[in-house]
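The values are calculated or read from the model by the stated rules, or taken from the named source; none is laboratory data. In this text the structure is predicted, and so the values were computed from the model without any measurement. Counting neighbours? That spans all protein chains shown, and the Cβs are built from the backbone with ideal geometry, glycine included.
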Amino acid sequence: MRTPGSFSKPTASVTGILWMLFMTLCFVMVNVLVKYVGDGLPVLESAFLRFLLGLIFLIPTLGAVRKARFTPQIWKLTFGRALFHALAMSCWFFAMTRIPMGEVTALNFMNPIYITIGAVFLFGERIALPRIMALIVAFLGGLIILRPGFRAIDPGHLSMVVSAMAFAGSYLIASRLAKLLPAAVVVFLMSVTVPIVIAPFALLHWETPTPHELALLFLTAAFATLGHYSMTRAFACAPQTVVQPVVFVQLIWSVSFGYLLFGEAIDPFVILGGAMIIAAISFITWREARKKTT
């Protein structure tokens, strides 16, 4: 018997897919705006201003923050996450100034793979052979994108690899914080502590931003907030096995916008590697969902 909120309803799945499509567009717009800012500002300053300007979107969470109880463990986890997230954001901003948008997006798809590996080594989670095979496919997809030995590896590529790994560390800590605090409070703590971590480094090479640059970074924060909200709504409407493959559309957006707006070449190896990574992630997600229902 189906419940009113059952995921089996086709309309719910369609709604979830539409929310996920909107999420992919939001996150690609973040890439576009960061690309427009480019190297006009120091990387760390851009990352700092992106978070600082985004604090306005946290006003609705203040009620939940006031009710939360913060323990030493929570503060330790929060600042540990801030270090990972600050590193991830700084490397991501740098990569956006060096390599095409499609490659940034495709390499960022490795993030869930690093999370899976991190959960095994840090939390002792078990991993079965099918998941190991999926990880190998994703790793091969990453090699197809980078093609080491067949072309020069730009510092932007290495920076994006570090960024995806650091994001994985941030999300692993977030999963622990989510068991101790409401989701809104976890987001608030990250958004406040990351600029605190970046600020001293940003001030070392501070350059006064123009109104145009500030506007672009404010829009970056707005689209990032919309993207995270849309992803949350998508997961609320439909299971991850339905909406996860839609993430691949983000690579299509990135390659298309990169070509149309910045004259970046369309690289079939990036499309192929990205497809392999998304296929591996979707398979892992499907297996996890299946295990929970059996």
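Can you find a residue in segment 12-30 that is within 28 Å of Ala236 (Cα to Cα), out of contact with any helix residue (DSSP H, G or I) (no Cβ under 7 Å at 6 or more places or on another chain) and modelled with pLDDT under 90?
Keep residues of segment 12-30 that are within 28 Å of Ala236 (Cα to Cα), which gives 12-30.
Imposing the further condition that a residue be out of contact with any helix residue (DSSP H, G or I) (no Cβ under 7 Å at 6 or more places or on another chain) reduces the set to 14, 18.
From what's left, modelled with pLDDT under 90: 14.
For segment 12-30, residues within 28 Å of Ala236 (Cα to Cα), out of contact with any helix residue (DSSP H, G or I) (no Cβ under 7 Å at 6 or more places or on another chain) and modelled with pLDDT under 90: present.
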Need the failing condition index for Val65 against (1) assigned to a helix (DSSP H, G or I); (2) closer than 15 Å to Leu158 by Cα; (3) of a type in the set (Val, Ile, Thr), just the number.
(2)
Per the filter on segment 190-217, residues surrounded by fewer than 18 Cβ atoms within 10 Å (Cβ to Cβ) and either in contact with a Lys or Arg (Cβ under 9 Å, 6 or more places away or on another chain) or of a type in the set (D, E, K, R) (or both) are Glu207
Please enumerate the residues belonging to segment 50-81 that are polar (S, T, N, Q), more than 19 Å from the chain's Cα centre (by Cα) and either surrounded by 12 or more Cβ atoms within 10 Å (Cβ to Cβ) or more than 26 Å from Ala168 (Cα to Cα) (or both).
Thr61
Answer yes or no: is there a residue in segment 32-39 that is at pLDDT below 90, more than 23 Å from Thr225 (Cβ to Cβ) and of a type outside the set (Phe, Trp, Tyr).
yes
Would segment 95-109 turn up any residue that is crowded, with 23+ Cβ neighbours inside 10 Å and among the β-branched types (Val, Ile, Thr)?
yes
Please verify whether segment 1-8 includes one or more residues that are out of contact with any strand residue (DSSP E or B) (no Cβ under 8 Å at 6 or more places or on another chain), β-branched (Val, Ile, Thr) and part of a helix (DSSP H, G or I).
no
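Just need a number here: residues in segment 147-182 that are touching a residue at least 24 places away in the same chain (Cβ under 8 Å) and either under 24 Å from Ile74 (Cα atoms) or of a type in the set (Ser, Thr, Tyr) (or both). Break it down into steps so the answer makes sense when it comes.
The initial filter retains those residues of segment 147-182 that are touching a residue at least 24 places away in the same chain (Cβ under 8 Å), namely 147, 154-157, 159-174, 176-177, 180-182.
So of that shortlist, the ones also either under 24 Å from Ile74 (Cα atoms) or of a type in the set (Ser, Thr, Tyr) (or both) come out as 159, 163-174, 176-177, 180-182.
So the answer is 18.
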Top-ranked residue of segment 132-169 - restricted to ones that are among the aliphatic types (A, V, I, L, M) and under 15 Å from the mean Cα position of the chain (by Cα), ranked as modelled with the lowest pLDDT
Ala168
Among (1) without any contact (Cβ under 8 Å) to a residue 12 or more places away in the chain; (2) crowded, with 20+ Cβ neighbours inside 10 Å - the single one Gln244 does not satisfy
(1)
Can you work out which of the residues in segment 183-200 that are touching a residue at least 60 places away in the same chain (Cβ under 8 Å) and out of contact with any Ser or Thr (no Cβ under 8 Å at 6 or more places or on another chain) is nearest to Glu45 (Cα to Cα)?
Ala199
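Can we say Arg131 is charged (D, E, K, R), without any contact (Cβ under 8 Å) to a residue 40 or more places away in the chain and either loosely packed, with under 15 Cβ neighbours inside 10 Å or touching a Ser or Thr at 6+ places or on another chain (Cβ under 8 Å) (or both)?
Numbers: charged (D, E, K, R): yes; without any contact (Cβ under 8 Å) to a residue 40 or more places away in the chain: no; either loosely packed, with under 15 Cβ neighbours inside 10 Å or touching a Ser or Thr at 6+ places or on another chain (Cβ under 8 Å) (or both): yes.
Against the criterion (charged (D, E, K, R), without any contact (Cβ under 8 Å) to a residue 40 or more places away in the chain and either loosely packed, with under 15 Cβ neighbours inside 10 Å or touching a Ser or Thr at 6+ places or on another chain (Cβ under 8 Å) (or both)), Arg131 does not qualify.
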Here are Leu49, Leu83, Leu58: which of them is hydrophobic (A, V, I, L, M, F, W, C), at negative phi and in contact with a Gly (Cβ under 9 Å, 6 or more places away or on another chain)?
Leu83
If you scan segment 238-271, which residues turn out to be among the β-branched types (Val, Ile, Thr) and either closer than 25 Å to His228 by Cα or in a helix (DSSP H, G or I) (or both)?
Thr241, Val242, Val243, Val246, Val247, Val249, Ile252, Val255, Val270, Ile271
Out of (1) surrounded by fewer than 19 Cβ atoms within 10 Å (Cβ to Cβ); (2) among the β-branched types (Val, Ile, Thr); (3) farther than 19 Å from Tyr171 by Cα, what's the single condition that is false for Val32?
(1)
Scan segment 254-278 residue by residue and report those that are of a type in the set (A, V, I, L, M, F, W, C), surrounded by 14 or more Cβ atoms within 10 Å (Cβ to Cβ) and within 14 Å of Lys35 (Cα to Cα).
Val255, Phe257
